[in-house]
Amino acid sequence: MTAIAQDHDDLAYNVFAKACPSRGTLEHVTGRWGGLTLGALHEGSLRFNELRRRVDGVSEKMLSQTLHALERDGLVHREAQPTNPPRVDYELTPLGRQVAERLLALIHCVEGSMDDVLASRARYDEMRGGL
């Protein structure tokens, strides 16, 4: 057994197990809107519409659902101000910041590799007859 497998076996939760609750959180974090929302909030506290503009392409409904899931998982904190009109700010919790930092490392890796990815796609498509 490798050291990584041994370390994984020692964990209380196992995302590879079907019934493990960590799987749902992983889905919230790595889903399209969850990952982008966490990345955007890493820059600082944002109001709902600011966040929606920052995460280009997300619908109001999807952003709302995403924020609820991330808040429930303890990754995002929602702060409602008693003003008229009401003001609601969203920010990362310490756990959310920790997750977002790791996610941003992956995002930067992907962004930095896009020339290679695009070249690979072109080669693949050419070999497959222009899919």
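The values are calculated or read from the model by the stated rules, or taken from the named source; none is laboratory data. These figures come from a predicted structure and were not determined experimentally. Note: ideal-geometry Cβ built from the backbone for every residue, glycine included; neighbour counts use all protein chains shown. Note: areas computed on protein heavy atoms with side chains; ligands, DNA, RNA excluded. Shrake-Rupley method; radii C 1.70, N 1.55, O 1.52, S 1.80 Å.
Placing unit charges on the Cβ atoms only, positive for Lys and Arg and negative for Asp and Glu, gives the chain a dipole magnitude near 460 debye about its Cα centre. Ranked by solvent-accessible area (1.4 Å probe, protein heavy atoms only, all chains present), the residues Cys20, Cys109 order from largest to smallest as Cys109, Cys20.
When the chain is described by a simple charge dipole with +1 on each Lys and Arg Cβ and -1 on each Asp and Glu Cβ, the residue from Thr83, Ile107, Gly129 located farthest towards its positive end is Thr83. Nonpolar atom fraction for segment 28-131, defined as the carbon and sulfur part of the 1.4 Å probe accessible area, stands at 51 percent. The packing ranking, built from the mean of other Cβ atoms within 10 Å per residue, places the peptides 33-42, 78-87 in the order 33-42, 78-87, highest first. Here the relative contact order of the chain, from alpha carbon pairs under 8 Å that lie six or more residues apart, stands at 20 percent.
Between Gln98 and Leu26, the modelled label-to-label distance comes to 1.8 nm, taking each label 7 Å out from Cα in the direction of the beta carbon. Per residue, the chain exposes an accessible area of 72 Å² to a 1.4 Å probe, with every protein chain left in place.
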